[in-house]
Amino acid sequence: MSQGVWAAPGRVNLIGEHTDYNDGFVMPFALPHTTVATVARRNDGVLRLHTADTADTAGAAGGAVELRIDELAPGRGPGGWTDYPAGVVWALRDAGHAVGGADVHFESTVPAGAGLSSSAALEVVTALALNDLYELGLERWRMARLCQRAENVYVGAPTGIMDQTASACCTAGHALYLDTRDLSQRQIPFDLAALGLELLVVDTRVKHAHSEGEYGKRRAGCEAGAAALGVPALRDIPYADLPAALSRLDDPEVRALVRHIVTENHRVERVIALLEAGEVPAIGPVLTEGHASLRDDFRVSCPELDLVVDAALSAGALGARMTGGGFGGSAIVLTDVSTAPTVTKSIEEAFASGSHADPRIFPATPSKGATRLS
Ligand code: GLA
């Protein structure tokens with residue numbers, strides 16, 4: 001078998017934000033939007049990456065690049081979307097896996113730059129295709145780790161493990177409860193339609209400058225907090241110990257970061273408990289609390305994301321929050337199906353009267369993770 005077609009989805013995160021680089025808990029689910037890769041092996045050591053998409057493949061401007069796989073090295077990529085799949089080939093080879101050249105054609109319906117993990121979809125679809133074509137026998141969690149390494153080391157973005165694991169491991173009708181310390185997972189049934197509920201994704205179409213730098217600063221601040229408290233990661237501060245931990249921290253900024261991470265891990269546990277008790281609408285206020293914490297303590301929201309949350313809640317949504325890294329990108333809104341049109345209208349009107357670009361709003365159904373199509 002020397003060729004085939006594979007797909008990997010983008011994701012939203014239901015709850016558990018910025019916890020993944022603190023060894024904490026996350027709860028993403030896969031979107032129906034996917035990146036599809038048509039891949040053929042080639043024996044000349046060349047990786048050819050091609051897309052016809054003009055805008056929506058991680059900011060691609062279309063076109064093709066050809067790279068020699070034995071010359072791939074961190075920091076040496078041409079920049080842009082091709083660094084993600086090229087980084088995966090580098091990470092696989094650097095880990096000792098016998099991967100040769102390939103022709104890869106990508107098409108994607110995952111909105112790029114919207115905080116919906118278009119880059120993870122690119123990485124994971126590449127890893128899955130090469131795993132099959134070169135018969136590497138890698139498990140999904142292992143592929144996710146290698147994709148994260150591609151992003152951290154080859155691309156140079158200090159992100160956590162959530163997005164790649166979501167794209168690789170989610171299943172339809174479920175949210176993925178992931179412990180990012182040991183990558184243990186549980187699939188949590190999350191069938192909103194059966195309950196007359198809807199989860200809207202609102203892409204603000206905004207991406208504020210410096211978001212990558214700010215992400216790195218939050219990560220460094222969390223690591224400083226863990227070091228000051230003498231724990232390996234902020235995950236090791238139990239919720240009950242939060243007041244005592246905060247009283248030991250002098251720096252108010254670090255204190256606020258610590259408060260977000262510890263309360264956010266607790267919110268993930270509360271959401272799991274509510275979902276398992278069948279009290280799905282009751283997760284709404286927990287999502288909204290999470291937004292306030294990201295806005296006020298972690299300081300990764302922005303006016304457009306706050307506007308989505310405020311407009312949705314004032315129109316009767318059950319809960320709303322930013323999702324993903326922040327500084328633009330997307331928010332999620334939990335609402336009754338019957339209230340969804342009013343909520344959508346309220347958000348659109350709020351954006352129009354604030355002279356913002358029209359947001360892109362769509363309902364999200366928990367969908368399947370990466371898969372081989374043919
Ligand atoms: C981005 C990163 C993830 C995670 C989120 C915030 O999506 O890629 O690893 O840190 O931000 O939860």
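The values are calculated or read from the model by the stated rules, or taken from the named source; none is laboratory data. These figures come from a predicted structure and were not determined experimentally. Don't worry about glycine lacking a Cβ; one is built from the backbone with ideal geometry, like all the others, and counts go over all protein chains shown.
Some notes on this structure:
- Listed here are the helices (runs of 4 or more DSSP H) enclosed by region 107-173 that have at least 3 residues being away from the ligand (no atom under 12 Å from the Cβ): 118-133, 140-149.
- Residue in region 206-217 that is touching a strand residue (DSSP E or B) at 6+ places or on another chain (Cβ under 9 Å) and assigned to a strand (DSSP E or B) present: yes
Residue-wise test of (1) more than 16 Å from the ligand (Cβ to nearest atom); (2) surrounded by 18 or more Cβ atoms within 10 Å (Cβ to Cβ); (3) modelled with pLDDT under 95.
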position	(1), (2), (3)
190	yes, yes, no
198	yes, yes, no
201	no, yes, no
207	no, no, yes
214	no, no, no
220	no, no, no
226	no, yes, no
232	yes, no, no
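- Test: residue in region 331-338 that is within 16 Å of the ligand (Cβ to nearest atom) and under 19 Å from residue 198 (Cβ atoms): yes
Residue-wise test of (1) among the charged types (D, E, K, R); (2) more than 30 Å from residue 220 (Cα to Cα); (3) outside any helix (DSSP H, G or I).
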{"position": "287", "(1), (2), (3)": "no, no, no"}
{"position": "341", "(1), (2), (3)": "no, yes, no"}
{"position": "356", "(1), (2), (3)": "no, yes, yes"}
{"position": "361", "(1), (2), (3)": "no, yes, yes"}
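- Selection of first residues in region 171-190 that are acidic (Asp, Glu) and of second residues that are at pLDDT 95 or above, restricted to Cβ pairs under 7 Å at least 6 apart or on distinct chains, gives the following pairs, ordered by first then second residue: 179/25.
- Across region 147-164, not a single residue is classified as among the aromatic types (Phe, Trp, Tyr), assigned by TED's automatic domain parsing to the domain that holds residue 127 and within 19 Å of residue 365 (Cα to Cα).
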